[in-house]
C-alpha cells in the first residue's frame, strides 16, 4: 500500500489558499448573478412603466380630442358660429400649452427624475437597511 507522506506547512497553506480562491470565485459569481437579476428587474419595471404611460397617454389624448371637439361644437352652437367655438377651444389649448411650458421643470422634469431615482436607488437602500 502507498503510504502518504506527511503534509508540510507549505502544502497545507497552499491547500487553504486554493480553497479560499474557490470561495472567492463562488462569491464573485453569485454577486454577478445578483447584479444581473437586479438590472433585469429594473429594466423590466422601467419598460412596463414606459409602456403603461404611453398607452394611458394615448387613450387620454383620444378623450381630450373628442371632448375638445364636443366643447367646440357646444360653444359654436351657443355662439351661432362653429368656427368661433373651435377658435375658443384652440385658445384654451394655447393657454394650457403656455402654462405647461412655463412650469415644465416642476410639472414634468422633476417628477420624472424623482421617479427614475426612486426606481433605481430606493429599493437597493431598503435592502441594505434591512
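The values are calculated or read from the model by the stated rules, or taken from the named source; none is laboratory data. Here the structure is a predicted model, which means the values were calculated and not measured. Cβ: placed from backbone, ideal geometry, glycine included. Neighbour counts: every protein chain shown.
Please determine, by comparing only the residues of the stretch 1-43 that are outside any helix (DSSP H, G or I) and exposed (fewer than 10 other Cβ atoms within 10 Å of the Cβ), which one is modelled with the highest pLDDT.
Quick first cut of the stretch 1-43, residues outside any helix (DSSP H, G or I) only: 1-8.
Narrowing further to those that are exposed (fewer than 10 other Cβ atoms within 10 Å of the Cβ): 1-6, 8.
Numbers: 1: 47, 2: 51, 3: 55, 4: 60, 5: 60, 6: 61, 8: 78.
Restricting to residues being outside any helix (DSSP H, G or I) and exposed (fewer than 10 other Cβ atoms within 10 Å of the Cβ), the top hit is 8.
For the stretch 87-98, indicate whether the set of residues that are in contact with a helix residue (DSSP H, G or I) (Cβ under 6 Å, 6 or more places away or on another chain), assigned to a helix (DSSP H, G or I) and free of Cβ contacts under 8 Å to residues at least 12 places away in the same chain is non-empty.
The first filter runs over the stretch 87-98 and keeps only residues in contact with a helix residue (DSSP H, G or I) (Cβ under 6 Å, 6 or more places away or on another chain), leaving 88-89.
Then drop every residue that is not assigned to a helix (DSSP H, G or I), which leaves 88-89.
The next check asks that each one be free of Cβ contacts under 8 Å to residues at least 12 places away in the same chain; those that pass are none.
No, every residue in the stretch 87-98 fails to be in contact with a helix residue (DSSP H, G or I) (Cβ under 6 Å, 6 or more places away or on another chain), assigned to a helix (DSSP H, G or I) and free of Cβ contacts under 8 Å to residues at least 12 places away in the same chain.
Among the residues that make up the stretch 76-90, is at least one of them surrounded by 10 or more Cβ atoms within 10 Å (Cβ to Cβ), closer than 30 Å to residue 120 by Cβ and out of contact with any strand residue (DSSP E or B) (no Cβ under 7 Å at 6 or more places or on another chain)?
The answer is no; no qualifying residue exists.
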